[in-house]
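Down below is the structure, laid out as structure tokens.
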Amino acid sequence: MKIKQMMLALACALASGMAASSDIEINDPWVRGTVVGQQATGAFMELRSQNGSALIGASSPLAAITEVHEMKMDGSVMKMRPIVRLDLPAGKPVKLAPGGYHVMLTNLKQVLKKGDAVPLTLRFEGPDKKISETRINAPVRDLTAGATAEHRH
């Protein structure tokens, strides 16, 4: 009976756009759409670890390279760079959003259109140093999704 309840809870979580592992909740995952010739885009979501974990990698069959990135101001210049680890403090949400942390998908193998779904595998390191993977399908949103008005010119 308990297994049936757990399977039902997982099915409901996946259907609502949220995935869960034993320690990690993944809420509202999405990928920004692309146009013909565009070779890169970002995947965004909110992560929450119950016990304090870290996002240590990602992969997707739709991209040759998938990395965790951060964007931050360096003086007056916005810089983006890959990072090897994104700490997820216990109980606190960590947003992966345009202009901040995100999963970068480069050397895309196809155009990503609104309504498509991008399979992503996220790798986490738990507080016990064990590695786990969670697979999600992130829906593709419009090319301008997440852009602020000043960036839509």
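Below is a table of values for the structure above.
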quantity	calculated
Residue-span extension gain [LYS72 to ARG85] - 0.36 nm each, minus C-alpha spacing	3.1 nm
Interchain or long-range residues, amide H under 5 Å from ALA138's placed H	VAL118, LEU120
Whether segment 86-152 is rounded, prolate or oblate, judged on the alpha carbon gyration tensor where a/c under 1.5 counts as rounded	oblate
Estimated FRET transfer efficiency (ALA40, SER132; beta-carbon r; R0 35 Å; 0.05)	0.85
Pairwise centroid distance, computed over Cα atoms, of segment 34-98 with segment 125-147, Å	8 Å
Segment 23-153 - share of DSSP beta bridges that are antiparallel (%, nearest 5)	95 percent
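Throughout, read-outs are computed from the coordinates displayed, never taken from laboratory work. Just so we're clear, the structure is a prediction, and the values are computed from it rather than from any experiment. Don't worry about glycine lacking a Cβ; one is built from the backbone with ideal geometry, like all the others, and counts go over all protein chains shown.
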